[in-house]
Amino acid sequence: PTLTSAKLVSATSSSLPMPLVWSQPLSGTRLKAGEYSWQLPTGLHVERLRVELKQPNTLAPVTLAGRREANQAWQPLSNGLLYRLAQNGQDVVQDELQLPGVAVGELKLQVDERGGGLGVEAPALRFAVRATQLVFLARGEPPFTLALGNPSVKAANLPLSTLIPDYSAERIKTLGQATVTGDVTVKSPAIAVSPEAGTDWKKLGLWAVLLLGVAALGAMAYSLLRAPAAKP
């Protein structure tokens, strides 16, 4: 047979990014005048921040920095102008900052206080991350606890193809869905404070022996200098 025509059909699949999910208000710490910090529950890919502006007519140029661990240097993340201004009897508010989405565990906000600042206490902070779809094998009776950022819990992540035999995108839609109930409590990790160093008696003893040795050498030199010269 002779091929006289052909029809080509193509299909593309695309998926929209997961929506942003906002956290509960997170309390912070005032480091010094115009400088505040917040500790996140774990390293998160934060994409947006929302700073609480309580005082009317607030105007604050700010610079935001972040880091993953406490022993790392601060890295610049964003800057902008936060304000809450009264116009025609209504508040015009700009309280958000856009972030690049890198993983951070701690945030620091520096405020140019020439605009009035943000107050003595650190403002509450909300952060937004992309929602994550979690598939887990439920064993036992609910409710189940999601241990996010808990270093004492052993990781048990598996590929979807292992967790779900004959895995397919359509099969995920048939799985049961869990819902979050109750309030989510965010606890800042405890910072270990090293005890004050006590008296190092061993070091003091070594210094004492060294000083006594120097004193003995000095005494010997002095006695030699005072000794009468020997007659020929």
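Worth pointing out:
- Separation of the Val21 and Arg68 label points, Cα + 7 Å toward Cβ, nm: 2.2 nm
- Maximal additional length on extending the Asn150-Thr179 stretch stands at 8.4 nm, based on 0.36 nm per residue less the C-alpha distance.
- P(r) weight above 21 Å for region 68-151, C-alpha pairs, percent: 55 percent
- Per-residue Cβ neighbour rank within 10 angstrom, fewest leading, Leu20, Leu175, Leu8: Leu8, Leu175, Leu20
- In loop segments of region 71-127 as defined by DSSP, the GluC sites (Glu not before Pro) with at most 14 further C-beta atoms inside 10 Å of their C-beta are Glu121.
- Normalised contact order of region 13-158, rounded percent, pairs of Cα under 8 Å and 6 or more residues apart: 36 percent
- Rounded FRET efficiency, nearest 0.05, which uses the C-beta distance separating Gln90 from Lys32 and R0 of 25 Å: 0.15
- Full extension of the segment from Ser5 to Asn157, taken as 0.36 nm per residue of separation minus the current Cα-Cα distance, would add 49.7 nm.
- Here the simple spin-label model places points 7 Å from the Cα toward Cβ, and for Tyr167 and Glu52 these points are separated by 4.1 nm.
- The alpha-carbon atoms of region 20-130 define a convex hull whose volume equals 99 cubic angstrom per residue.
Laboratory data are not the source of any read-out in this text; all were calculated from the coordinates shown. Bear in mind that the values here come from a model prediction, so they are computed numbers and not experimental data. Counting neighbours? That spans all protein chains shown, and the Cβs are built from the backbone with ideal geometry, glycine included.
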